[in-house]
Amino acid sequence: MRSTVLGIGRSAGSSRSCRASNARLRWRWERVRSVTRAESRGAFGLSRRPEPSKSNLYRLLVMADPYLPPAIESPLVVVSNRGPVTFERNEAGGFEAQRGAGGLVTTLAGVFYRDEATWVAAAMTEADREVPRRQALDHATDLRLRFVSLDPKIYDGYYNGISNGILWFTHHFLWDIARSPTFDESTDDAWRAYEEANRAFAEVLDRFPDDAVFLVQDYQLSLVPMYLRELRPEARVIHFSHTPFAGQTYLRMLPIGMRESLLRGLAGADVLGFQSRTWAENFLLSARSLLGAKADLHRWRLSLDGRTSLIRTFPVSVGAEGLRSIAAQPETKAIRREIRASLGEQRLLLRVDRLEPSKNILRGFLSYELFLRRNPGWQGRVRFLALLTPSREELTAYREYGDACLAEAHRINTELGREGWVPIVVRLQHDMDYAVAAYGMYDAMLVNAVYDGMNLVAMEGPVVNRNGGVLILSRNAGAYGRLGRQSLGVNPFDVRETADAIQQALEMDEDERTRRARGLSRTVLAHTPATWLADQLDMLDRAVRLRGSDE
């Protein structure tokens, strides 16, 4: 049962060219049927209701790209901090597979539906460490998983200390530079853990066949290409950054050894992929300025220590048919009816985000408040539904930001709300059914991230929405490069401009709403996760052919 307190909803409980195949994907996870257990504690002490009865792994299946990834002759190895599943012990003493968290799983799930693909990830649970020893994978799932087992202290320094505590804030330009960052001996300890963890990943990868293709993911594993290159000079390596990449001015805040190692680590890849031209350019200019590397911005190449890396943009997309499949499920339709009944004649402003600083939720609430105060005629006629997933609650900055967001929603509801109307409703839970139901019916959706590598929400919403929904989109999100013409662009720091955009979206005439919505959907549908992967593998083929040439 759900309750609402001042509108804050609290839920209970290879070197050949590659081509994308248009053959329908035959799902291979039929035998993975475990249901994720309800988490015992929500954000800020709130409880959550149990997850929907369907397996969260099913969510992974339907969110994956509906087409087969490109066929390649070499085994494909996906490498990331978190894998597509983690394992827990069940009451019978067996293993239960649970869907891994994060948008990266959504993006990469499709690569599994090839027998050659293997996913390498850090072990998250004791069961993860036990599964390989008991050879349970062959009969528990059809997936090829390899877990990297890290000492808990090493993992804490690598993940919380450096990856989330420093690199995430750096690449998203989140530092309050009058106060942070401050580097001391604890930073050195965490950095050594980061190095050790990345080296452990590289050592596991070195056990794969010589013809393997390694697709290394994101900022947590920035050193893996360099370490793997030391072990295997001819390795074929792609590194893809899902986040923004900080410019040289921001990188100069990091200790010299750290920033140089990060840049050299990435330069060990044959191909470096980024979500947008801005992030790719930031990397090239940083490597040139901070390492003295030769950066060719015309051919998008980086030369360092006798090696050349190709730098390219490969914007991530979403699997539209998977989203629409969720939208057609009875559970989702029931939620849609529930939302519609609660709205009555009110219009719906939506946001779907992790509850963390880069998503700029606080300024989103302030912008909405300003819109309501400027336009009192809209009070009582619109509701802001914020679907927020608590994230990285072990970090103080995240907890404090989450508290501030909830407090702001409470204040706005107290000052502006009245009998029968709650301006802001916040739901704290990851519930894909609920998100997709809301996607289908929003009048306007706010995506005002401070900075974002791409932002999949900006693409998921338009392919599901059937209400002529208007997208309000941060110009600092990578998605703006693709969707800017059909969306209302905003400066994420300017609450006045964002308030104006909310008004424009809600008052836009139906013809323009329809035209923009159709344009957004067409743009998203033009690319799939399979083509995203195919483009990277094609570029790797080119990079390998260039080795030793003067081209």
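The values are calculated or read from the model by the stated rules, or taken from the named source; none is laboratory data. Here the structure is a predicted model, which means the values were calculated and not measured. Here Cβ is always computed from backbone atoms with ideal geometry, including for glycine, and neighbour counts include all displayed protein chains.
Yes/no per residue for (1) touching a Ser or Thr at 6+ places or on another chain (Cβ under 9 Å); (2) small (G, A, S); (3) surrounded by fewer than 19 Cβ atoms within 10 Å (Cβ to Cβ):
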residue	(1), (2), (3)
Q329	no, no, yes
G344	no, yes, yes
L349	no, no, no
L362	no, no, yes
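Condition test on R179, is it at pLDDT 95 or above and charged (D, E, K, R)? Lay out the reasoning, then the answer.
Details: at pLDDT 95 or above: no; charged (D, E, K, R): yes.
No, not satisfied.
Quick one: in the stretch 151-192, of everything that is of a type in the set (A, V, I, L, M) and over 12 Å from Q220 (Cβ atoms), which residue is surrounded by the fewest Cβ atoms within 10 Å (Cβ to Cβ)? Lay out the reasoning, then the answer.
First, the residues of the stretch 151-192 that are of a type in the set (A, V, I, L, M): 154, 162, 166-167, 174, 177-178, 190.
The next check asks that each one be over 12 Å from Q220 (Cβ atoms); those that pass are 154, 174, 177-178, 190.
Details: I154: 17, L174: 17, I177: 8, A178: 5, A190: 23.
Residue satisfying both the conditions and the ranking: A178.
Residue by residue through the stretch 167-195, note down the ones that are in a loop (DSSP other than H, G, I, E, B), on the phi < 0 side of the Ramachandran plot and not acidic (D, E).
Hits for the stretch 167-195 are H172, L174, W175, I177, A178, R179, S180, P181, T182, F183.
A407 is checked against (1) more than 30 Å from A328 (Cα to Cα); (2) surrounded by 21 or more Cβ atoms within 10 Å (Cβ to Cβ) and fails just one. What number does that condition carry?
(2)
Specify which of the listed residues (E281, E321) is under 27 Å from the mean Cα position of the chain (by Cα) and either modelled with pLDDT of 95 or more or at positive phi (or both). Spell out how you get there, then give the answer.
On the way: E321 fails: either modelled with pLDDT of 95 or more or at positive phi (or both).
Sole residue among the options that is under 27 Å from the mean Cα position of the chain (by Cα) and either modelled with pLDDT of 95 or more or at positive phi (or both): E281.
Considering only the stretch 131-155, how many residues are at pLDDT 95 or above and among the charged types (D, E, K, R)?
Number satisfying all stated conditions: 1.
Could you say which residue among N198, N164 is under 18 Å from the mean Cα position of the chain (by Cα) and assigned to a helix (DSSP H, G or I)?
Step by step, each of N198, N164 is checked, and only N164 is under 18 Å from the mean Cα position of the chain (by Cα) and assigned to a helix (DSSP H, G or I).
Take the residues in the stretch 394-418 that are among the polar types (S, T, N, Q) and modelled with pLDDT of 95 or more; name whichever of them is nearest to Y368 (Cα to Cα).
N413
Being assigned to a helix (DSSP H, G or I) and among the polar types (S, T, N, Q) is the filter; apply it to the stretch 504-551 and report the residue that is nearest to W378 (Cα to Cα).
Ranking the candidates gives Q504 first.
Can you tell me how many residues in the stretch 291-307 are within 12 Å of L263 (Cα to Cα) and within 28 Å of the chain's Cα centre (by Cα)?
1
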